Structures are given as structure tokens and as C-alpha cells.
Amino acid sequence: MPVTVVIGSQWGDEGKGKIVDLLSQDVDIVARYQGGANAGHTICWGDKTFVLHLVPSGIFHEGVTCVIGNGVVLDPVALLEEIRMIRSLGYEVEGRLLISHNAHLIMPYHRKLEEARERFRDADAIGTTGRGIGPAYMDKFARTGIRVVDLLDRDVLRKKLKQAIEEKNAILREVYKAEALDVDAIIEEYVEFDKLIDPYVTDTAEYLNRALREGKHILAEGAQGSLLDVDFGTYPYVTSSHPTVGGCCTGLGIPPTAITRIIGIVKAYCTRVGNGPFPTEQDNEIGERLREVGHEYGATTGRPRRCGWLDLVALRYSSMINGFTELAITKLDVLTGFEELPVCTRYRYDGKVSQRFPSEAQTLEKVEPLYEVLPGWHEDITGASRLEDLPEAARRYLEFIARFTGVDISLISTGPKREQTIWNGRAVIPASA
């Protein structure tokens with residue numbers, strides 16, 4: 001059976017949580033492959049709304065096993081709080097949640113370092129969530145990180161932590177003039193954490209590959225969005241991992257040949273949290289309207305998101321580097337009421353017009369977006385569940401996206417709840433329409 005990968009195609013916050021929750025009813029395993037507790041995946045059904053940060057969005061489907069892969073960096077406090085929340089709702093976690101023994105841990109000094117560095121950068125700050133994600137990945141690639149497997153041996157843990165904390169304390173004291181950390185207190189905290197997560201820890205790469213051999217269907221879930229990829233995003237205003245499809249293989253330990261379906265999640269307009277270039281941003285009444293109608297505030301931090309028109313140059317770039325086999329359009333209902341809907345199809349830079357997306361921030365900050373203007377609609381489409389329920393202008397908007405990207409649209413979200421979806425298991429809007 002195939003591996004399906006769900007990927008954010010923009011700057012994150014595209015509504016991946018809802019889509020993963022929907023697709024989870026037809027799979028055996030949902031696996032998270034990168035990022036940390038800086039991601040917030042919102043799921044709504046009935047009158048309930050839940051935000052997951054680390055546990056995969058398939059946890060609310062009985063019979064689905066959820067995997068946190070080696071590519072994720074784990075915040076112990078966030079993970080335990082999330083497990084308690086899920087249990088309080090009546091869902092069993094033990095036996096259904098597996099955590100890679102090779103996943104790296106976020107330590108208290110990672111959060112302190114990130115906060116100190118952002119203050120130090122001041123006007124040039126990246127605009128991180130302050131959750132310690134970046135410093136944890138830095139230690140991973142500097143080969144000084146603490147992994148889940150290190151918790152098994154108290155002596156090994158003490159040795160590694162003592163060395164790491166002595167170095168971090170020197171940086172905090174001498175460079176950032178911040179308070180030092182207590183080695184023994186941190187060791188005790190993480191030894192207790194090990195006792196609590198021990199039932200969940202296993203070799204998840206071996207588990208997933210065995211599942212593939214047994215014909216099970218795996219749904220792989222990324223965090224953030226493609227334009228925040230550390231290699232292919234708007235560097236340096238990016239996350240510290242690979243939300244793109246390549247991150248799925250390295251973050252779970254599965255072969256690329258197992259992936260047969262790659263779904264790009266596309267918000268019907270664009271948003272961005274934090275700093276960095278955003279060509280179609282509307283820092284005006286339009287942007288404010290999109291923010292308020294779309295409830296565009298970070299699920300993890302509560303920060304207001306920057307809002308703007310749909311950027312198809314950026315979307316086609318995301319499709320190119322990920323190889324999307326289909327698109328899922330979210331928040332189409334938010335666009336109701338606009339007389340016109342400008343869609344960016346080209347950039348002008350240095351007197352030249354191009355459809356190339358320059359991921360280098362210094363260039364992208366200077367491009368002028370060129371728009372094609374499509375007609376809007378006034379009919380309320382919230383909760384529409386059939387394509388025929390959409391006004392003609394909304395259908396034309398979707399057809400324009402499919403034709404421009406050359407990728408079929410297989411799912412359209414018309415509200416935050418599970419049932420507010422146009423979806424029939426095949427192309428709703430073919431690219432050739």
C-alpha cells in the first residue's frame with residue numbers, strides 16, 4: 001500500500017490538521033516526520049476544537065497508530081500535556097502512540113538560547129516561536145544533541161548533559177548576559193520524563209518499514225510549510241528542518257519509492273507568521289479583513305498572521321520541489337464577499353517580468369507582484385459539501401489555480417469542521433478543466 005504525504009505548500013498554517021484528520025479514517029498509521037511543538041494543527045468537529053502540537057492529527061480515530069518520527073524534536077512538557085489532554089477526552093494513547101528512540105529532545109537551554117538570540121538580533125530577528133526548535137536542531141547537526149535513547153542510561157545522560165550545559169551556560173553568561181542553568185535539576189527532570197514516555201518508545205523506522213511490507217497504509221504529516229524549508233524556503237526566515245517531501249524519508253526512515261501520493265495543502269489566500277518577505281501581503285484593510293474572517297492567529301503562539309492574496313508563483317515553486325500529485329484547497333469560504341480576487345501570477349524585478357520564485361530573501365523582498373484579477377462572489381459557501389453548491393465565480397477561482405499549477409484539486413474545505421468539505425476521493429477540479 002502507498003505512503004501518502006500531506007505537505008503545507010505555503011508558509012505554514014494552511015489547515016493541514018483538518019486534512020490529516022479527514023484522511024486518517026482510511027489509513028492504518030499517521031506519522032509526523034519533522035518540526036516540534038512550534039507547529040499547531042487545529043482539528044474541529046461538532047462543537048469541539050483541539051490543537052495538537054506533537055501527536056499526529058490521526059489520534060482521534062480509533063484503530064489508527066500514531067508515530068512521532070526521528071526527524072521531530074520533542075519538548076517533554078508539551079508532549080506530556082498533549083497526552084493528558086487526549087486521554088481526558090476519552091481516547092487511549094498507550095499502544096497507539098509510538099515515539100522514535102532516535103528523536104532529539106528539546107532541553108531547557110534550547111529555549112533560553114533561542115530567546116536570547118532573538119533579543120540579540122533585535123530588528124533582524126527571525127520571528128521564531130521561542131520554543132527552542134532551532135537550537136535543538138543545531139545541536140543535532142553539531143552531534144551534541146540529547147536523544148530519547150540517551151535517557152535509558154543515567155550515567156550517559158549525566159555525562160552528555162554536563163558537557164552540553166557547561167558550554168551553554170558559558171554562552172548564556174558571557175554572550176547574552178543571561179542566567180545559568182542547574183545541571184542536576186535538569187537531569188532529574190529528564191529522568192522522570194523517561195519513566196513517563198518509556199511505554200511509547202521504539203524503533204519507529206523498523207516499525208514503519210515492517211508495516212509497509214505488511215501492506216499497511218501510512219499517512220505522513222509534515223509541520224510548517226514548504227516556503228519555510230531550511231534549504232528551499234525564504235532563508236534565513238525559515239524553520240530549522242525540512243517540511244518538504246524529502247524530509248519525510250529522512251524524518252521517518254522510509255524509502256522514497258514507498259511514496260505514491262503527495263498532497264499539497266493550499267490556503268485560498270496567503271498568510272505568514274513572523275518576519276521575512278511576503279510579496280502579496282496586504283498590510284491594509286484587506287489584510288485585516290482576511291485576518292478577522294479567517295481567524296488568522298497562530299494556533300501555537302496566538303500571534304496575528306500577516307495576510308495577503310494568493311501567490312501562484314510561490315505555489316508552482318512548491319509544487320515543483322515536492323512533486324504534488326494533488327492539491328487540497330482550504331478556507332475558500334473566507335473569500336466570500338470580495339468583489340474582486342487578485343491572484344499573483346508573475347513577479348517584476350529589476351525591470352524584468354518572470355514566473356520564477358526567488359527563494360533568496362533579499363531578492364524576494366524587492367519583487368513587485370503582478371496580478372490577474374478574478375471576479376469574487378457574495379454567496380455564503382460555508383459548509384458546502386458538493387461542487388454544485390459553489391457559485392460559478394468560486395469554481396472559476398479553483399479552476400484557475402488547477403490550470404496554473406497543472407495539478408488536480410481533490411479536496412476543497414469550506415469551513416473548519418470535518419463535514420464542511422467537498423471531497424469524493426478523486427479529482428474535484430482537474431487541472432485540464
*Within the stretch 151-174, can you find the residues that are free of Cβ contacts under 8 Å to residues at least 60 places away in the same chain and among the aliphatic types (A, V, I, L, M)?*
Leu151, Leu152, Val156, Leu157, Leu161, Ala164, Ile165, Ala170, Ile171
*Within the stretch 135-246, which helices (runs of 4 or more DSSP H) (wholly inside it) include 3 or more residues that are modelled with pLDDT under 85?*
154-174, 183-197
*Between residues in the stretch 71-99 that are within 17 Å of Val51 (Cα to Cα) and residues that are assigned to a helix (DSSP H, G or I) and open to solvent by 10 Å² or more (accessible area, probe 1.4 Å), which pairs lie under 7 Å by C-beta distance while being six or more apart or on different chains?*
Leu80/Leu196; Val93/Arg87
*Residues in the stretch 86-107 that are open to solvent by less than 20 Å² (accessible area, probe 1.4 Å) and over 19 Å from Val67 (Cα atoms): how many?*
1
*Just give me the residues in the stretch 254-299 being open to solvent by 20 Å² or more (accessible area, probe 1.4 Å), within 20 Å of Val343 (Cβ to Cβ) and basic (Lys, Arg), in sequence order.*
Arg289, Arg291
*asked:* under 30 Å from Gly415 (Cβ atoms), at pLDDT below 95, open to solvent by less than 10 Å² (accessible area, probe 1.4 Å) and not aromatic (Phe, Trp, Tyr): is that true of Gly46 in this structure?
replied: no
_If I ask for residues that are of a type in the set (Gly, Ala, Ser), surrounded by fewer than 24 Cβ atoms within 10 Å (Cβ to Cβ) and at negative phi, which ones from the stretch 207-230 would you list?_
Ala211
*Taking Ala402 as meeting all but one of (1) in contact (Cβ under 8 Å) with a residue 60 or more places away in the chain; (2) open to solvent by 10 Å² or more (accessible area, probe 1.4 Å); (3) touching a Pro at 6+ places or on another chain (Cβ under 7 Å), write down the number of the exception.*
(2)
*List, please: which pairs have Cβ atoms under 9 Å, are six or more places apart or on different chains, and start with a residue in the stretch 304-326 that is without any contact (Cβ under 8 Å) to a residue 24 or more places away in the chain and end with one that is open to solvent by less than 20 Å² (accessible area, probe 1.4 Å)?*
Pro304/Glu296; Pro304/Gly298; Met320/Phe357
*(1) polar (S, T, N, Q); (2) open to solvent by less than 20 Å² (accessible area, probe 1.4 Å); (3) at pLDDT 90 or above: which one isn't true of Ser57, the others all being true?*
(3)
_Condition check: on the phi > 0 side of the Ramachandran plot, open to solvent by 10 Å² or more (accessible area, probe 1.4 Å) and among the small types (Gly, Ala, Ser). Does Gly246 satisfy that?_
no
*asked:* Looking at the stretch 300-324 only, could you name the residues that are under 17 Å from the mean Cα position of the chain (by Cα), farther than 10 Å from Val273 by Cβ and in a loop (DSSP other than H, G, I, E, B)?
replied: Gly302, Phe324
*asked:* Can you say whether Asp408 is crowded, with 16+ Cβ neighbours inside 10 Å and of a type in the set (D, E, K, R), as far as the supplied structure shows?
replied: yes
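Yes/no per residue for (1) of a type in the set (A, V, I, L, M, F, W, C); (2) in a loop (DSSP other than H, G, I, E, B); (3) surrounded by fewer than 18 Cβ atoms within 10 Å (Cβ to Cβ):
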{"site": "Phe338", "(1), (2), (3)": "yes, yes, no"}
{"site": "Arg346", "(1), (2), (3)": "no, no, yes"}
{"site": "Trp377", "(1), (2), (3)": "yes, yes, no"}
{"site": "Leu398", "(1), (2), (3)": "yes, no, no"}
*Failed item, numbered, when Tyr237 is tested on (1) crowded, with 18+ Cβ neighbours inside 10 Å; (2) over 18 Å from Gly36 (Cα atoms)*: (2)
*Determine if the stretch 356-365 includes at least one residue that is farther than 19 Å from Phe278 by Cβ and open to solvent by 20 Å² or more (accessible area, probe 1.4 Å).*
no
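The values are calculated or read from the model by the stated rules, or taken from the named source; none is laboratory data. In this text the structure is predicted, and so the values were computed from the model without any measurement. No Cβ is skipped: glycine too gets one built from the backbone with ideal geometry, and neighbour counts run over all protein chains shown. With ligands, DNA and RNA removed, areas are computed over all heavy atoms of the protein, side chains included. Shrake-Rupley method; radii C 1.70, N 1.55, O 1.52, S 1.80 Å.
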